[in-house]
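Report on one structure; see the data block that follows.
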Amino acid sequence: MQLLNGKDVAAFHRQRIVQQIQEVREKRGIEPELSIVVVGDDAPSAMYAASMQKTARSVGLKAAIYRQEANIGEADLLALIDRLNDDVSVFGILLMMPLPESFDSQRIINRIDPSKDVDGLTDANIARLCTGRPGFVPCTPRAVMAILDYYHLSLSGKEVVIIGRSTVVGKPLSQLCLQQNATVTVCHSRTKDLKAVCQRADVIMAAAGRAGLVTGDMIKPGAVVIDVGINRVEGKTVGDVAFEDAALFAGSITPVPGGVGAVTTMMILENVVCGIARTETIS
């Protein structure tokens, strides 16, 4: 059984990001910024924003957190995003989710300039992903593909089962797999006989948010298992895959923690670097 260590993948991409930012600073004389917008007092969002800022700064990228009260008016929040869109030193805007319930989240997201939408959540970038055109890809699906690429695990001709159909993971992940010539089945809460569907898969990607959903008897011997889930159970962080059981059958498997999550942050920073390199705005 091969352990797909996300920390090794993250370290590989981190080195490339540091080099690229140094080159930008030397050749173009600019200090690129990642702008992180936090609205309200959601504790996980605040913690993730602080972690993102620390990681960004560690690779030489300027990172600023724009904290807004939960009662900020929608017009004022849109005005902040407009200012960041117009700021030539800002190459990435990351809007922390969830927003307070009073907001139209997708309307706020779509106000972000698609060329600065490093989380790949605007309608423009989602459309580009679906049509195979260049654009930003949501960071978690991109992290999954980075792990497969790092370990030279090809999807071409393989049967891939994705468990979960969210707009931030399952759906974009299915598009990325199709682009790699995989045959893709997307499963969800209404899927009948999930076990039978998984048993025929060469690759299982679990992103349902249910601890221990995928067990060893659901896995074809030698299959690749990618665990995207992050759940808290009895004070511990676990994935959607029952790791010890699944590892008895899987040919390759990601751990939780230390798997996909370890790579996700680097994918956001890599998107910022890609934004720096762009000469035209996505529209």
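The values are calculated or read from the model by the stated rules, or taken from the named source; none is laboratory data. Note that the structure is a prediction, hence the values are computed from the model and not measured. Counting neighbours? That spans all protein chains shown, and the Cβs are built from the backbone with ideal geometry, glycine included. For accessibility, only protein heavy atoms count, side chains too; no ligands or nucleic acids. Shrake-Rupley method; radii C 1.70, N 1.55, O 1.52, S 1.80 Å.
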TODO: Rounded to the nearest 500, what is the 222 nm mean residue ellipticity of the chain from helices alone, with -39500 (n - 2.57) per DSSP H run of 4+ residues and division by all residues?
DONE: -12500 deg cm²/dmol
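Calculate what fraction, in whole %, of the accessible area of the chain sits on carbon and sulfur atoms when a 1.4 Å probe is rolled over the protein chains. Mind dumping the intermediate values first?
On the way: 6770 of 13500 Å².
Answer for the chain is 50 percent, counting heavy atoms of protein chains only.
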TODO: Quick one: dipole size for the stretch 43-174, taken about the Cα centre, charges +1 on Lys/Arg Cβ and -1 on Asp/Glu Cβ, in debye to the nearest 20.
DONE: 480 debye
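Which shape class applies to the stretch 92-185: rounded if a/c is under 1.5, otherwise prolate when a/b exceeds b/c and oblate if not, where a ≥ b ≥ c are the square roots of the Cα gyration tensor eigenvalues? Write out the running numbers ahead of the final one.
Values: a/c = 2.22, a/b = 1.93, b/c = 1.15.
Here the stretch 92-185 falls in the prolate category.
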Task: the stretch 15-169 shape via C-alpha gyration tensor axes, a/c threshold 1.5 - done: oblate
- [ ] Can you run the Rg to Rh ratio on the chain? Use alpha carbon positions and the Kirkwood inverse-distance Rh.
- [x] 0.97
Open item on the list: Take the chain, mark every one of the GluC sites (Glu not before Pro) that falls in a DSSP loop and has at most 15 other Cβ within 10 Å, then report the longest stretch left between them, sites excluded.
Closed with: 102-233
Open item on the list: As I understand it, the value is the acute angle between the Cα axis of helix 74-86 and the longest principal axis of the Cα atoms of the chain; what does it come to in degrees, rounded to 10?
Closed with: 80 degrees
- [ ] Taking H placed 1.01 Å from N in the peptide plane, check which residues at least 5 places from Ser166 or on another chain put their amide H under 5 Å from its amide H.
- [x] Lys171
TODO: Quick one: angle between helix 6-28 and the longest Cα principal axis of the chain, in degrees between 0 and 90, rounded to 10, please.
DONE: 20 degrees
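Go through Lys7/Lys54; Lys158/Lys192; Lys116/Lys158 and tell me which ones have a Cα-Cα distance over 24 Å in this structure. Intermediate values should be presented prior to the final figure.
On the way: Lys7/Lys54 17 Å; Lys158/Lys192 22 Å; Lys116/Lys158 34 Å.
Over 24 Å apart, Cα to Cα: Lys116/Lys158.
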Task: Rounded tilt (10° steps) of 139-150 against the dominant C-alpha axis of the chain - done: 60 degrees
Open item on the list: Report for the chain the percent antiparallel among DSSP-assigned beta bridges with both residues inside it, nearest 5.
Closed with: 10 percent
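Taking every DSSP beta bridge with both residues inside the stretch 184-283, roughly what % is antiparallel (nearest 5)? Walk me through the numbers on the way to the answer.
On the way: 3 of 10 bridges.
Percentage antiparallel, nearest 5: 30.
Shape of the stretch 143-283 from its Cα gyration tensor (a ≥ b ≥ c, root eigenvalues): rounded if a/c is under 1.5, otherwise prolate when a/b > b/c, or oblate? Present the calculation step by step, with values, prior to reporting the outcome.
Details: a/c = 1.79, a/b = 1.45, b/c = 1.23.
Here the stretch 143-283 falls in the prolate category.
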Open item on the list: For a quick check of understanding: with a 1.4 angstrom probe and all protein chains in place, what accessible area in square angstrom does Asp217 have, to the nearest ten?
Closed with: 80 Å²
Task: Per-q log10 I(q)/I(0), the stretch 63-114, q = 0.15, 0.29 Å⁻¹ (Debye; single scatterer per alpha-carbon; no solvent) - done: -0.39, -1.46
Task: Solvent exposure of the stretch 49-96 as accessible area per residue, Å², 1.4 Å probe - done: 48 Å²
Open item on the list: Need the list of aspartates and glutamates near Lys220 for cross-linking: C-alpha distance under 18 angstrom, and skip anything on the same chain fewer than eight residues off.
Closed with: Glu159, Asp193, Asp202, Asp240, Glu244, Asp245
